[in-house]
Amino acid sequence: MTTRPRIGVVGAGAWGTALATVATQAGNHVVLWTRETDVVAEMATHGTNARYLPGVKLDKNIHPTSDLADLDNVEAILIVTPAQTIRAVVRMLAENLKKSVPLVLCAKGIERESGQFMHEVARGEWPEAPLAVLSGPSFADDVVRGLPTAVTLASEDEALAQKLALQLSSGSFRIYHSEDVRSVEIGGAAKNVFAIACGAVMGRGLGESAKAALMARSFAELMRFASAYGGRPQTLMGLSGFGDMVLTCSTAHSRNFAFGERLGKGASLEEASGGKLTEGVFTASVLVQMAQEKNIDMPIAQTIDAVLQSRLTLDEAVDVLMNRPLKREV
Ligand SMILES: NC(=O)c1ccc[n+]([C@@H]2O[C@H](COP(=O)([O-])OP(=O)(O)OC[C@H]3O[C@@H](n4cnc5c(N)ncnc54)[C@H](O)[C@@H]3O)[C@@H](O)[C@H]2O)c1
Ligand SMILES: O=P(O)(O)OC[C@H](O)CO
């Protein structure tokens with residue numbers, strides 16, 4: 001066995017596989033766990049993950065497995081499954097691993113049932129495990145090809161954030177550290193909802209000017225929401241807030257934007273996901289509900305949620321947003 005530090009990655013989807021790759025490039029040995037035994041078999045036999053990240057040859061320092069015992073003795077575990085699965089996944093780790101280990105939560109979303117952010121969910125399931133979150137503008141395809149990327153890793157224990165940032169950064173994957181967990185989580189969760197709206201505008205043919213206006217007003221909603229939930233403006237202006245809004249709201253490379261774009265072109269809600277994970281669909285309602293609880297005005301989030309609930313058509317949504325009473329910008 002190697003003497004390199006051992007990092008665990010739970011979830012061998014697009015992002016888990018990409019993060020496993022950068023972690024090896026940063027000098028670690030990676031145990032890549034997934035419950036999908038056929039994916040493990042393909043990774044072990046052919047060194048590829050065709051279901052989630054086709055065309056990529058995996059590093060030899062990635063050890064694919066479905067056996068949770070292989071995660072004992074890793075130095076940290078990156079949890080890279082969808083936001084709505086984080087409770088079950090952390091519970092499974094807490095019940096099966098021999099001792100607690102730092103968890104880096106990489107999902108972007110808010111739990112629908114509880115209105116909890118990812119670190120609150122994880123803390124509830126495994127109070128002893130030190131926690132961090134990783135977020136920021138980053139497409140798995142770009143990261144795995146070694147294209148330059150910068151993200152934020154936040155933990156209330158800033159020394160832990162700094163240590164993990166150092167351990168996981170590589171020449172092409174630059175990690176900034178922060179202690180502002182709340183802001184980093186809000187940025188990652190909310191931008192997915194707004195990206196659906198921006199995609200819908202483009203799919204409907206409403207033009208680049210409309211998209212720019214929508215992005216700017218969406219960012220104003222994000223800032224209002226974050227300030228009511230304890231976020232800090234400086235963090236929100238950074239990679240995990242502004243940075244990820246710019247990326248995800250700009251291109252159909254984003255699954256959330258692509259979902260909105262298909263809706264705009266007339267696809268049904270069922271057809272629009274194209275079978276891909278679209279986190280914004282799961283976060284929209286809970287984001288709106290949390291905004292209402294604190295009296296925060298979020299017309300764009302509300303309107304896109306109404307479209308996702310089939311309470312408004314897209315054309316009605318545009319009418320609603322354009323015909324609100326005029327007001328001061330700030
Ligand atoms: N793909 C990206 O470029 C990217 C970038 C940054 C962040 N993220 C975030 O990472 C998270 C995962 O995204 P992804 O792109 O890897 O998704 P994906 O659909 O490609 O992969 C999801 C993975 O989670 C596993 N999984 C699903 N349900 C599970 C459960 N109940 N228990 C255990 N494992 C389960 C699947 O087997 C799969 O390995 C999302 O929250 C996403 O927003 C993705
Ligand atoms: O493809 P999306 O829309 O899930 O976005 C992926 C990343 O979150 C972009 O930072």
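Considering only segment 73-82, I want to know if a residue exists there that is modelled with pLDDT of 95 or more, within 14 Å of ligand 1 (Cβ to nearest atom), out of contact with any strand residue (DSSP E or B) (no Cβ under 9 Å at 6 or more places or on another chain) and under 19 Å from residue 126 (Cα atoms). Even if it seems obvious, please write down each step before you answer.
Of segment 73-82, the ones modelled with pLDDT of 95 or more are 74-82.
Within this subset, residues satisfying the condition of being within 14 Å of ligand 1 (Cβ to nearest atom) are 77-82.
Checking the rest, the ones that are also out of contact with any strand residue (DSSP E or B) (no Cβ under 9 Å at 6 or more places or on another chain) come to 82.
Applying the additional criterion that residues be under 19 Å from residue 126 (Cα atoms) yields 82.
The answer is yes, given that some residue of segment 73-82 is modelled with pLDDT of 95 or more, within 14 Å of ligand 1 (Cβ to nearest atom), out of contact with any strand residue (DSSP E or B) (no Cβ under 9 Å at 6 or more places or on another chain) and under 19 Å from residue 126 (Cα atoms).
Just to be sure before I move on: is residue 250 within 21 Å of the chain's Cα centre (by Cα) and within 14 Å of ligand 2 (Cβ to nearest atom) in the structure I sent? It is true that residue 250 is within 21 Å of the chain's Cα centre (by Cα) and within 14 Å of ligand 2 (Cβ to nearest atom). When segment 175-210 is filtered for residues that are within 16 Å of ligand 1 (Cβ to nearest atom), under 17 Å from the mean Cα position of the chain (by Cα) and of a type in the set (Gly, Ala, Ser), the ones remaining, listed by number, are 187, 188, 189, 190, 195. Applying the condition of being part of a helix (DSSP H, G or I) and out of contact with any Asp or Glu (no Cβ under 8 Å at 6 or more places or on another chain) to segment 77-99 and asking which residue is surrounded by the fewest Cβ atoms within 10 Å (Cβ to Cβ) yields 95.
Considering (1) away from ligand 1 (no atom under 13 Å from the Cβ); (2) out of contact with any His (no Cβ under 6 Å at 6 or more places or on another chain), the lone condition that residue 134 does not fulfil carries the number (1). Restricting segment 36-65 to residues that are of a type in the set (A, V, I, L, M, F, W, C) and under 24 Å from the mean Cα position of the chain (by Cα) leaves a set whose member that is surrounded by the fewest Cβ atoms within 10 Å (Cβ to Cβ) is 50. Residue 74 passes every criterion in (1) under 23 Å from residue 137 (Cα atoms); (2) out of contact with any helix residue (DSSP H, G or I) (no Cβ under 9 Å at 6 or more places or on another chain); (3) buried (at least 20 other Cβ atoms within 10 Å of the Cβ) apart from (1).
Residue-wise test of (1) within 16 Å of ligand 2 (Cβ to nearest atom); (2) closer than 29 Å to residue 51 by Cα; (3) in contact (Cβ under 8 Å) with a residue 60 or more places away in the chain; (4) of a type in the set (Val, Ile, Thr).
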site: 135; (1), (2), (3), (4): yes, yes, yes, no
site: 148; (1), (2), (3), (4): yes, yes, no, no
site: 152; (1), (2), (3), (4): yes, yes, yes, yes
site: 173; (1), (2), (3), (4): yes, yes, yes, no
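For segment 306-323, the criterion of being assigned to a helix (DSSP H, G or I), of a type in the set (Val, Ile, Thr) and under 21 Å from residue 80 (Cβ atoms) is met by no residue. Taking (1) crowded, with 18+ Cβ neighbours inside 10 Å; (2) within 11 Å of ligand 2 (Cβ to nearest atom); (3) touching a residue at least 40 places away in the same chain (Cβ under 8 Å) in turn, residue 263 satisfies each apart from (2). When every residue of segment 123-136 is checked against the conditions, at least one turns out to be on the phi > 0 side of the Ramachandran plot, surrounded by 16 or more Cβ atoms within 10 Å (Cβ to Cβ) and of a type in the set (Gly, Ala, Ser).
Tell me the residue from 157, 141, 180 that is closer than 24 Å to residue 256 by Cβ and out of contact with any Ser or Thr (no Cβ under 9 Å at 6 or more places or on another chain), please.
Details: 157 fails: closer than 24 Å to residue 256 by Cβ; 180 fails: out of contact with any Ser or Thr (no Cβ under 9 Å at 6 or more places or on another chain).
The conditions single out 141.
The values are calculated or read from the model by the stated rules, or taken from the named source; none is laboratory data. Everything numeric in this text was worked out from a predicted model, so none of it was measured. Counting neighbours? That spans all protein chains shown, and the Cβs are built from the backbone with ideal geometry, glycine included.
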